[in-house]
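S.K.: Following this message is one structure expressed as structure tokens.
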């Protein structure tokens, strides 16, 4: 979808992708999240590896063969910290290999390739990272953890030990130190936010049908759920506006690497993730209350049980508390605005 037409793709924009994430999320949270995670890897290829013939050919293969890319950026040894790696790329002439104990690898067994972070060399510090692209045939997976969760069951985010080897050309040219702020953070938080907003919209749609049914039966005025529907729709409108504004901000900065890496932009994208996840949970809870027992049931047309289980994952997918703690210091650099409009 994002790949340029000259490489066989559709030439779509990030805004288009975010919109599709919202629509998929409204129907199925897991499908939306898989789509979102794949698109993050595509953006990384487009922004940081176009100078590499190997990766440009991978983009062509993506379109011709409809490949699905997964990612592995966390490890058991680093406590889930994305900007720290334990495994390392070991080079032997034109070949390289690595072994990674991935905490979670969403749809890892089903993917056609995986992008993973690793230390540049065995002697590099944990923060000196590169991103490596492997395709099936380059690696093998050994399951180390099951995926039996309350929600988001369809992402199949199992833990694996990955053992891979390939050409050194498969290492993405730019360091992960630049890939992370310029592409990984903004694209992940824009697309994830859209998925969660979509999940919330799906729940609101069910609550709306429930209240409309009550209105048709002449019971809407007395139904306690009507006020919850109002709150849910109000919050949903605000969240959609927040995400749309963030997409505009990204598009305005996309060709300016220094602007993408600026503290205020990074803080905004990180806080977008926190705000979107917490607001989406609040919206689904209001939809749940609007539907009452019908929303609590697993059966029936007004059930929001799956949406509630799925959206609860949002605040712990890169834990909000970790993000807020990391943002606290940088936010001290900024004054509280004295005017509504800058």
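The values are calculated or read from the model by the stated rules, or taken from the named source; none is laboratory data. For clarity, every value in this text was computed on a predicted model and none was experimentally measured. When we count neighbours, we look across all protein chains shown, and the Cβ atoms used for this are built from the backbone with ideal geometry, even at glycine.
S.K.: When you check residue 270 against the structure, is it in the same structural domain as residue 206 (by TED's automatic domain parsing) and free of Cβ contacts under 8 Å to residues at least 24 places away in the same chain, yes or no?
M.R.: No, not satisfied.
S.K.: A further question on this structure: When the range 59-71 is examined, which residues are found to be assigned to a helix (DSSP H, G or I) and surrounded by fewer than 23 Cβ atoms within 10 Å (Cβ to Cβ)?
M.R.: Within the range 59-71, 59, 60, 61, 63, 64, 65 qualify.
S.K.: Among the residues of the range 171-180, write down those that are surrounded by 19 or more Cβ atoms within 10 Å (Cβ to Cβ) and part of a helix (DSSP H, G or I).
M.R.: 176, 179, 180
S.K.: Among the candidates 301, 258, 321, which residue alone is exposed (fewer than 13 other Cβ atoms within 10 Å of the Cβ) and outside any helix (DSSP H, G or I)?
M.R.: 301 is the lone residue from the list that is exposed (fewer than 13 other Cβ atoms within 10 Å of the Cβ) and outside any helix (DSSP H, G or I).
This table checks each residue for (1) in the same structural domain as residue 248 (by TED's automatic domain parsing); (2) within 18 Å of residue 273 (Cβ to Cβ); (3) out of contact with any strand residue (DSSP E or B) (no Cβ under 7 Å at 6 or more places or on another chain).
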residue: 26; (1), (2), (3): no, no, yes
residue: 29; (1), (2), (3): no, yes, yes
residue: 46; (1), (2), (3): no, no, yes
residue: 52; (1), (2), (3): no, no, yes
residue: 56; (1), (2), (3): no, no, yes
residue: 62; (1), (2), (3): no, no, yes
residue: 111; (1), (2), (3): no, no, no
residue: 117; (1), (2), (3): no, no, no
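S.K.: Now, a different point. Could you tell me whether residue 157 is within 15 Å of the chain's Cα centre (by Cα) and not assigned by TED's automatic domain parsing to the domain that holds residue 108?
M.R.: No.
S.K.: Among the residues of the range 39-58, which ones are crowded, with 18+ Cβ neighbours inside 10 Å and farther than 23 Å from residue 192 by Cβ?
M.R.: Listed by number, the residues that qualify are 52, 55, 58.
S.K.: So, one more: At least 2 residues that are modelled with pLDDT of 95 or more and farther than 29 Å from residue 314 by Cα in each: list the strands (runs of 3 or more DSSP E) lying fully within the range 72-151 that qualify.
M.R.: Result: 90-92, 95-105, 139-145.
S.K.: Before we move on, is residue 125 at negative phi and without any contact (Cβ under 8 Å) to a residue 12 or more places away in the chain?
M.R.: yes
S.K.: Then there is this: Just wondering, is there one or more residues in the range 187-209 that are over 22 Å from residue 307 (Cβ atoms) and in a helix (DSSP H, G or I)?
M.R.: Yes.
S.K.: Is it the case, given these coordinates, that residue 38 is closer than 30 Å to residue 144 by Cα, touching a strand residue (DSSP E or B) at 6+ places or on another chain (Cβ under 6 Å), at pLDDT 95 or above and not assigned by TED's automatic domain parsing to the domain that holds residue 309?
M.R.: Yes; evaluated as a whole, the condition is true for this residue.
S.K.: Is it fair to say residue 231 is surrounded by 15 or more Cβ atoms within 10 Å (Cβ to Cβ) and closer than 14 Å to residue 26 by Cβ?
M.R.: no
S.K.: Scan (1) in a helix (DSSP H, G or I); (2) modelled with pLDDT of 95 or more; (3) closer than 25 Å to residue 244 by Cβ for the single condition residue 330 breaks and write down its number.
M.R.: Answer for residue 330: the failing condition is (2).
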